[in-house]
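Q: Below are the structure tokens for one structure; questions will follow.
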2 protein chains.
Amino acid sequence: MQGPPQPTSSATAYTPTDRTVPTRAPQRASYDKDVVHAILDEGYVCHLGFVRDGAPVVLPTLYARVGERLYVHGSTGSRPLRTTGRADAGLAVCVTVTHVDGLVLARSAFHHSINYRSAVVHGIAHQVTDPEEKRLALDALVDHAVPGRSRDSRPANTKEFAATAVIRLDLDEVSAKIRTGGVNDEPEDLALPHWAGVVPLRKGYATPVPDPGLAPGTELPDYLAVR
Amino acid sequence: MQGPPQPTSSATAYTPTDRTVPTRAPQRASYDKDVVHAILDEGYVCHLGFVRDGAPVVLPTLYARVGERLYVHGSTGSRPLRTTGRADAGLAVCVTVTHVDGLVLARSAFHHSINYRSAVVHGIAHQVTDPEEKRLALDALVDHAVPGRSRDSRPANTKEFAATAVIRLDLDEVSAKIRTGGVNDEPEDLALPHWAGVVPLRKGYATPVPDPGLAPGTELPDYLAVR
């Protein structure tokens, strides 16, 4: 693959920095690469933050991870990429991916919480200009949503390829934050009559809805089996 | 309720501004208040964006809507609120709530998409200092996750009340963006043998897991019935 080399650190964890050490609940933070990768890989959209005219902007955006690199989808007309301007001028971004796993209902209002996993990536994003890297990134974006799907679709033609823009963000200044488990009520509240526990949220695919114009004989692929 | 009065506009739509008119797919934008409210009310976390030392920060955060006002949960030690400093100094924020409803699998890689609904709120957030408004906001935060829950839990005591901070953001500069429906393939691709269609994502509560120390006789409340 052309373009800048992948970060080559063999460390199993990201190095904490001032802005990746949380001021609240630091025991929920993780810098483990496997933990971060799993959170990133499970999401469908990230929330891409950037600064425009001095004010924050947060937009939901498609993305994919390849090794220690995040690719974020755009079009050549979209705001963050127009802000970037020339390919070598970077854009300061914060990319956050969050999964809400369950609602934690405590006997006390104060101890209500959610079980969640989030990953926050800080850095400077650059537009991908190398055609080979861009092709791999576009495949990764399709495969991120449905693994294996890029091989089962028509690849982008020249016009479509030119109409799509991708920005790259190296995974360097990264942290995860995770809450799992049950209710943390105060001991004096345990006898209260309120129901307490965790309400998990449902995940995964529901029944696929085929396009009405499918070519005759087109079967539902195995990779879409309802999980 | 004390504190600043609610915005009183009786308009049914927010007024578009330069930063709430999308540069891509403007036909997917909506400024209808009912549409925006429904998106905001269905989420569990928002993504709160602010600027720190010139760089964007995006953090997942609990929130609730009350009329034309958004309340975002924090603690007095958390970063955005420390940045705010004094209660009357506002913090420029962007609050985004996104629902991913389905994966749109086209015959062509280029036309892969997702069905989603997002709401983006720009504005200046202020810390809530009025005790009565804060009490209502804390109830709303609990009821946002599980409607009716605040009446079925022990209210915050003085210490808990002081340890929680809430910031308020008026719904004024707001837009929604929505993609629904099926696949938009090119006519010349329709005969390709690739499966195409929409894969909806599962939603709602899974089976609640009770705390092992529930008081004897505590039944699962009706508001937690699996939907």
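The values are calculated or read from the model by the stated rules, or taken from the named source; none is laboratory data. Please read these numbers as outputs of a predicted model, since none were measured by experiment. In this analysis, Cβ positions are derived from the backbone assuming ideal geometry, glycine residues included, and neighbour counts consider all displayed protein chains.
Q: Going through A:Arg107, A:Arg117, A:Arg168 one at a time, which residue ends up being at pLDDT 95 or above and within 7 Å of chain B (Cβ to nearest Cβ)? Spell out how you get there, then give the answer.
A: Working: A:Arg117 fails: within 7 Å of chain B (Cβ to nearest Cβ); A:Arg168 fails: within 7 Å of chain B (Cβ to nearest Cβ).
Going through A:Arg107, A:Arg117, A:Arg168 in turn, just one is at pLDDT 95 or above and within 7 Å of chain B (Cβ to nearest Cβ): A:Arg107.
Q: Can you confirm whether A:Gly85 is at positive phi and at pLDDT 95 or above? Lay out the reasoning, then the answer.
A: On the way: at positive phi: yes; at pLDDT 95 or above: no.
Spelling it out, it is not the case that A:Gly85 is at positive phi and at pLDDT 95 or above.
Q: Restricted to the stretch A:156-184, and to residues that are in a loop (DSSP other than H, G, I, E, B) and touching a Leu at 6+ places or on another chain (Cβ under 8 Å), which residue is surrounded by the fewest Cβ atoms within 10 Å (Cβ to Cβ)?
A: To start, the set of residues in the stretch A:156-184 that are in a loop (DSSP other than H, G, I, E, B) comprises A:156-157, A:171-172, A:180-184.
From the residues that got through so far, the ones that are touching a Leu at 6+ places or on another chain (Cβ under 8 Å) too are A:156, A:171, A:183.
Details: A:Ala156: 20, A:Leu171: 23, A:Val183: 23.
Applying the filter and picking the extreme gives A:Ala156.
Q: Taking the residues in the stretch A:176-227 that are modelled with pLDDT of 95 or more, in contact with a Ser or Thr (Cβ under 7 Å, 6 or more places away or on another chain) and more than 7 Å from every other protein chain (Cβ to nearest Cβ) as candidates, determine which candidate is nearest to B:Leu192 (Cα to Cα).
A: So, considering only residues that are modelled with pLDDT of 95 or more, in contact with a Ser or Thr (Cβ under 7 Å, 6 or more places away or on another chain) and more than 7 Å from every other protein chain (Cβ to nearest Cβ), the one nearest to B:Leu192 (Cα to Cα) is A:Ala176.
Q: Now, a different point. Does A:His194 satisfy the criteria of being within 25 Å of A:Leu40 (Cβ to Cβ) and either among the small types (Gly, Ala, Ser) or in contact (Cβ under 8 Å) with a residue 60 or more places away in the chain (or both)? Explain how you work it out, then say what you get.
A: Working: within 25 Å of A:Leu40 (Cβ to Cβ): no; either among the small types (Gly, Ala, Ser) or in contact (Cβ under 8 Å) with a residue 60 or more places away in the chain (or both): yes.
Criteria not met by A:His194.
Q: Can you find, within the stretch A:122-155, the residue that is surrounded by the fewest Cβ atoms within 10 Å (Cβ to Cβ) among those that are in a strand (DSSP E or B) and out of contact with any helix residue (DSSP H, G or I) (no Cβ under 8 Å at 6 or more places or on another chain)? Can you show your working first?
A: As a first pass, look at the stretch A:122-155 and keep what is in a strand (DSSP E or B): A:122-127, A:154.
Filter once more, so that each one left must be out of contact with any helix residue (DSSP H, G or I) (no Cβ under 8 Å at 6 or more places or on another chain): A:122-124.
Numbers: A:His122: 22, A:Gly123: 20, A:Ile124: 16.
Selected residue: A:Ile124.
Q: While we're on this one: Only residues that are more than 9 Å from chain A (Cβ to nearest Cβ), in contact (Cβ under 8 Å) with a residue 40 or more places away in the chain and within 26 Å of B:Ile39 (Cβ to Cβ): list them for the stretch B:128-165, please.
A: Of everything in the stretch B:128-165, those that are more than 9 Å from chain A (Cβ to nearest Cβ), in contact (Cβ under 8 Å) with a residue 40 or more places away in the chain and within 26 Å of B:Ile39 (Cβ to Cβ) turn out to be B:Val128, B:Glu133, B:Leu136, B:Ala137, B:Ala140, B:Asp143, B:His144, B:Pro147, B:Gly148, B:Ala165.
Q: Go through the residues of the stretch B:59-68 one by one and say whether even a single one is at pLDDT 95 or above, more than 8 Å from chain A (Cβ to nearest Cβ) and in a loop (DSSP other than H, G, I, E, B).
A: Within the stretch B:59-68, one or more residues are at pLDDT 95 or above, more than 8 Å from chain A (Cβ to nearest Cβ) and in a loop (DSSP other than H, G, I, E, B).
Q: Here is a further query. Just a yes or no: is a residue in the stretch A:5-25 at pLDDT below 90, surrounded by fewer than 17 Cβ atoms within 10 Å (Cβ to Cβ) and within 21 Å of A:His99 (Cβ to Cβ)?
A: Checked the stretch A:5-25: at least one residue is at pLDDT below 90, surrounded by fewer than 17 Cβ atoms within 10 Å (Cβ to Cβ) and within 21 Å of A:His99 (Cβ to Cβ).
Q: Looking at the stretch B:26-58, which of the residues that are in a loop (DSSP other than H, G, I, E, B) and surrounded by 14 or more Cβ atoms within 10 Å (Cβ to Cβ) is farthest from the other protein chains (Cβ to nearest Cβ)?
A: We begin by selecting, within the stretch B:26-58, every residue in a loop (DSSP other than H, G, I, E, B); these are B:31, B:43-44, B:53-54.
Applying the additional criterion that residues be surrounded by 14 or more Cβ atoms within 10 Å (Cβ to Cβ) yields B:31, B:43-44.
On the way: B:Tyr31: 17, B:Gly43: 9, B:Tyr44: 5 Å.
Filtering the stretch B:26-58 for residues that are in a loop (DSSP other than H, G, I, E, B) and surrounded by 14 or more Cβ atoms within 10 Å (Cβ to Cβ), the one farthest from the other protein chains (Cβ to nearest Cβ) comes out as B:Tyr31.
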